[in-house]
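The values are calculated or read from the model by the stated rules, or taken from the named source; none is laboratory data. As the structure is a computational prediction, the values presented were derived from the model and not from experiment. As a convention, Cβ positions derive from the backbone with ideal geometry for all residues, glycine included, and neighbour counts pool all protein chains shown. Keep in mind that these areas ignore ligands, DNA and RNA; they rest on the heavy atoms of the full protein, side chains included. Shrake-Rupley method; radii C 1.70, N 1.55, O 1.52, S 1.80 Å.
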Amino acid sequence: MNDTMVTVVGNVVDSPRRVSLEHGAVTNFRMASTARRYDTRTQEFVDAGTFWVDVECWNGLSGNVSASISKGDPVIVRGALTTHSWESENGRRSTPRIRAFAVGPNLARGTAEFKRDRSARQGEQAGEQTTEAAPVPQDAPFSGDDRPVPGRDYVGDPEALNDMTADDLAEEPAHV
């Protein structure tokens, strides 16, 4: 199959609508992505064209999107780009549509608090195969509830992660 995969960064422009169907649930919303460019004549950034697209989210993603996304939220959507066509009194019409595989907040524009979907974990407990994670070293720098749990959290060699310094937190210079 030759799906056209896209990632679109933009804002939700209407409230997501969730509908339960015979073979699952779907949540739909519309988003806008406005390009920015630097105008050398005025020496400032200006808005360029806006890409408007409908987004459809099915089944598990449907419920998570309807519970998490609201009008005005900055989002990143990854999915297959399609064209929705229909007949109207003015003739044949069409609009772009993304069948989303992943939807998330744009963390360049704010913060988020992630809550793991527990319904997906119930299937694992019912006997589905899961990959085994490495055991958590007892001398790891964790305590209490923040200790990683094998099979739930990434548990690996602490040397694989880089330490952060104050230099890492400095703002990036503007590219002109």
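How many residues does the stretch 109-132 contain that are touching a Pro at 6+ places or on another chain (Cβ under 8 Å) and at pLDDT 85 or above?
Within the stretch 109-132, residues that are touching a Pro at 6+ places or on another chain (Cβ under 8 Å) and at pLDDT 85 or above number 3.
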Close pairs from the stretch 63-87: first among the aromatic types (Phe, Trp, Tyr), partner open to solvent by 60 Å² or more (accessible area, probe 1.4 Å), Cβ under 8 Å, at least 6 apart:
Trp86/Arg92; Trp86/Arg93; Trp86/Ser94
Filter result (touching a Ser or Thr at 6+ places or on another chain (Cβ under 8 Å) and in contact (Cβ under 8 Å) with a residue 40 or more places away in the chain) within the stretch 28-41:
Phe29
Pick from the stretch 12-67 the residues that are assigned to a strand (DSSP E or B) and in contact with an Asp or Glu (Cβ under 7 Å, 6 or more places away or on another chain): which of them is most open to solvent (accessible area, probe 1.4 Å)?
Arg36
Residues (in contact with a Lys or Arg (Cβ under 8 Å, 6 or more places away or on another chain), modelled with pLDDT under 95 and not hydrophobic (A, V, I, L, M, F, W, C)) located in the stretch 28-61
Asp47
Considering only residues of the stretch 68-98 that are surrounded by fewer than 15 Cβ atoms within 10 Å (Cβ to Cβ) and among the basic types (Lys, Arg), which is nearest to the chain's Cα centre (by Cα)?
Arg78
Do we find a residue being under 14 Å from Pro96 (Cβ atoms) and under 14 Å from the mean Cα position of the chain (by Cα) anywhere in the stretch 33-53?
no
